1. Is it the case that B:Val218 is at pLDDT 95 or above, in contact with a Ser or Thr (Cβ under 7 Å, 6 or more places away or on another chain) and either open to solvent by less than 10 Å² (accessible area, probe 1.4 Å) or over 24 Å from B:Val133 (Cα atoms) (or both)?
2. Residues of the range B:277-304 being in a strand (DSSP E or B) and more than 10 Å from every other protein chain (Cβ to nearest Cβ), which ones?
3. In this structure, is A:Tyr22 on the phi > 0 side of the Ramachandran plot and either of a type in the set (Ser, Thr, Tyr) or under 25 Å from the mean Cα position of the chain (by Cα) (or both)?
4. Kindly indicate the residue of the range A:45-68 that is open to solvent by less than 70 Å² (accessible area, probe 1.4 Å) and within 14 Å of chain B (Cβ to nearest Cβ) and also nearest to B:Ser273 (Cα to Cα) among those meeting that condition.
5. Identify all residues within the range A:1-23 that are among the hydroxyl-bearing types (Ser, Thr, Tyr) and either surrounded by 18 or more Cβ atoms within 10 Å (Cβ to Cβ) or over 22 Å from A:Leu204 (Cβ atoms) (or both); write none if there are none.
6. Of the residues A:Tyr212, A:Tyr242, which single one is closer than 30 Å to A:Ser173 by Cβ, among the aromatic types (Phe, Trp, Tyr), open to solvent by 40 Å² or more (accessible area, probe 1.4 Å) and not in a loop (DSSP other than H, G, I, E, B)?
7. Pull up the range A:53-76, narrow it to residues that are over 29 Å from the mean Cα position of the chain (by Cα) and part of a loop (DSSP other than H, G, I, E, B), then point me to the one that is nearest to A:Pro205 (Cα to Cα).
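The values are calculated or read from the model by the stated rules, or taken from the named source; none is laboratory data. Keep in mind it's a predicted model, so treat the numbers as computed, not measured. Ideal geometry is used to build each Cβ from the backbone, glycine not excepted, and the neighbour counts take in all protein chains shown. Accessible surface is based on the protein model in full, side chains and every heavy atom, while ligands, DNA and RNA are left aside. Shrake-Rupley method; radii C 1.70, N 1.55, O 1.52, S 1.80 Å.
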Amino acid sequence: MPTLSIFFGSSEISALFIDEDYSTRAFNYPYISSNEGFIRDVCKLAEKDLGVNISNTELLVTGFPKPYGEFLNPKLFISLEKVASREFGFYPVYTSNFTVVSKSGYSSNIDLSNITTDEVNSLSNLVLYRQVIQTDNFDQFNVDNLVRFLPESIVKPISEEPVIMSGDRFSRSFKRDANSLLLILDLIKIPGKYQVILDKNNLLPCLSLAYYYDGRFGNLIKSFKFDDLGTLINSPGGAEIYVSGNDGTSQLLQVESDKIFILPMAAGVVSKATVKRQGASTQEMLLRGGSLGLIVDTRIKNNAKIFTKDYIEDNLKVWHKALEEALCTYH
Amino acid sequence: MYIPLVKKIIYKNDLLIERSLPEKGSLVVKVGDKVEPFSKLGVAKTSYEKLIIGPDLKVVKHKKDGSYFYTGEKLGTYNFTRVIAPYHGYLKQENDQYVFIQEPRDYWLLSGVWGTVENIYKDNSVLLRTQSVDINFVVGTSQSISGELVVFPNPDEELVEQYLNNLSKNISGKVVYVGEFLSESTFKVARSQGVLGIIAGGADKLTLNLAKESSTFVALITGFGKVSVPSQIFGILQSVTNRYVMIDGEERVLRIPVPEKFSDDVIQTQAASSLKFVKKGIEVLTLQKPYFGKIGKVDRVTESSILVKFPEKEEPVEIFIPNVLAV
């Protein structure tokens with residue numbers, strides 16, 4: 001029997017239909033509500049768009065903190081943080097306007113102090129009308145600040161597992177812009193080397209849910225076409241990286257503290273590197289390219305006393321410039 | 001593209017509303033009786049007022065817990081200040097402190113709605129079958145209140161406080177619609193005039209927090225900040241000023257009783273679906289700055305956005321999906 005895996009996000013709905021031959025079709029609806037009538041009507045839209053009858057599928061439902069749609073009588077009805085905590089061979093990070101859910105835990109500790117009345121109104125309207133996307137960079141930056149400063153313990157990937165950035169924030173709100181890339185880097189605070197992958201269609205929750213339900217869907221996640229951004233090296237305080245290309249060329253990168261540096265490296269390219277991170281011993285590493293390449297982040301993100309709104313605003317122009325230059329080569 | 005339809009106005013027939021006496025009393029209607037808003041349903045003796053004095057009252061000699069006092073009579077002293085009875089009533093001790101409770105008077109329970117008596121609960125309450133126009137608001141405090149609605153004619157902010165001060169004798173205990181924006185200063189003036197509740201298009205979040213802290217009812221129709229009120233909603237409110245209304249804060253609905261049942265056409269044309277197909281000419285509520293809360297008409301539709309025409313602008317404005325709802 002085919003499977004239909006639905007994720008009720010905090011601002012949109014995404015669904016993945018998996019046929020019996022493992023072919024897939026996706027559906028996304030950019031609004032959300034807990035209202036039963038709304039959910040039924042959106043399900044009818046999904047049925048029409050996907051060419052399926054929900055009653056003829058194994059229906060799986062997830063969401064956070066509690067999914068909607070229990071009246072649909074799904075085969076599996078489970079909260080996203082339980083799905084995220086399972087071992088899948090990758091490290092998922094689901095980000096919305098107000099929450100971050102990862103394998104390490106979840107948090108939505110929103111600090112509304114030290115912001116203007118207009119900003120409070122704007123964020124309060126975002127609670128009432130959760131589907132709204134920001135059209136102004138400054139507003140997006142302010143909204144991102146709600147989750148940017150969550151403790152580093154919420155996102156604690158280990159080097160061996162690729163980090164997949166997913167969730168409503170990186171779906172419709174993602175516009176190949178510096179703010180979105182900055183948030184991705186800001187959420188991964190712990191020093192180390194990580195392969196960073198972006199889910200622009202908010203389908204990882206659906207895929208993970210299907211795999212959680214039935215292990216035979218494991219290969220689907222591995223083969224799914226996410227956007228591999230490249231390798232991120234978090235090295236607060238500075239880094240020296242000696243990159244050896246397969247063509248025999250080599251490059252020494254010296255990145256000072258508080259910087260973001262991006263070296264274009266195409267997807268599929270693998271280079272050897274010797275990396276000297278501040279306060280760590282020299283390591284040999286393999287760097288994998290991606291749509292951005294090698295990202296070296298020497299900002300002090302792992303110190304909550306330093307990594308503050310003021311710290312970011314003081315350096316934002318410089319960091320945005322580095323990201324915007326990289327976006328020119330972003331595919 | 002289908003977008004959610006905001007059902008701000010709902011017409012309802014065969015609505016059942018319970019009207020209750022504050023204490024056990026006697027009911028004067030029977031099942032099947034037709035009623036109007038000022039029809040009397042029943043009567044009970046109740047105290048309208050209660051004054052909380054405190055634990056350290058030095059009661060006058062020869063008086064004690066349970067004693068009766070006339071208006072103007074000295075109750076005692078509190079922190080060396082004379083305490084005078086503001087009305088006829090009884091001095092009592094509750095939870096280790098003194099309270100002065102007004103002498104019970106007749107409380108006549110009025111219907112508040114047009115309809116028929118559906119059922120009676122002996123000495124206590126009446127179930128009425130009626131019809132209403134319900135207006136959904138998007139956020140507010142959680143109390144349930146009922147009272148006479150006073151609608152200001154969508155004035156400029158500066159005039160609202162003048163209206164409140166000029167009408168001060170006539171708005172105490174009533175629900176007031178103050179226009180598209182409730183400012184903090186207007187809220188404070190309204191509260192000082194003793195209004196029962198305030199309805200507006202929008203207000204600052206901080207003003208709503210003040211309302212919650214002071215247990216004053218506030219309902220916002222559109223959202224936070226300076227937003228618009230759909231003209232259909234203002235039209236309905238304007239047409240029912242001085243009507244007795246009921247508000248359920250938890251359900252976020254303002255219920256306006258109406259005299260006649262709605263025809264089947266009206267009930268059936270209310271959209272069954274919660275989604276509406278976007279096409280030229282439909283009205284939409286915009287949620288994108290700087291047009292947040294404004295209502296416009298769809299001029300053109302593209303794949304990811306809608307061009308919306310607002311009455312005050314010549315050229316249509318691009319609004320991105322999902323920053324728009326159908327109304």
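1. yes
2. Filtering the range B:277-304 for residues in a strand (DSSP E or B) gives B:277, B:283-286, B:295-301.
Those that are in a strand (DSSP E or B) and more than 10 Å from every other protein chain (Cβ to nearest Cβ): B:Phe277, B:Glu283, B:Val284, B:Thr286, B:Ile295, B:Gly296, B:Lys297, B:Val298, B:Asp299, B:Arg300, B:Val301.
3. yes
4. A:Leu45
5. Our first condition is that a residue be among the hydroxyl-bearing types (Ser, Thr, Tyr); within the range A:1-23, this holds for A:3, A:5, A:10-11, A:14, A:22-23.
Across the range A:1-23, the qualifying residues are A:Thr3, A:Ser5, A:Ser10, A:Ser11, A:Ser14.
6. Testing whether each residue is closer than 30 Å to A:Ser173 by Cβ, among the aromatic types (Phe, Trp, Tyr), open to solvent by 40 Å² or more (accessible area, probe 1.4 Å) and not in a loop (DSSP other than H, G, I, E, B) leaves just A:Tyr212.
7. So in the range A:53-76, the residues over 29 Å from the mean Cα position of the chain (by Cα) come out as A:53, A:55-56, A:71, A:73.
Filter once more, keeping what is part of a loop (DSSP other than H, G, I, E, B): A:53, A:73.
Numbers: A:Asn53: 21, A:Asn73: 19 Å.
Taking the candidates together, the pick is A:Asn73.
Here is a yes/no grid of residues against (1) in contact with a Ser or Thr (Cβ under 9 Å, 6 or more places away or on another chain); (2) closer than 26 Å to A:Trp319 by Cβ:
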position: A:Val155; (1), (2): yes, yes
position: A:Ser171; (1), (2): yes, yes
position: A:Lys175; (1), (2): no, yes
position: A:Leu182; (1), (2): no, yes
position: A:Asp186; (1), (2): no, yes
position: A:Pro191; (1), (2): yes, yes
position: A:Tyr194; (1), (2): yes, yes
position: A:Leu209; (1), (2): yes, no
position: A:Gly215; (1), (2): no, no
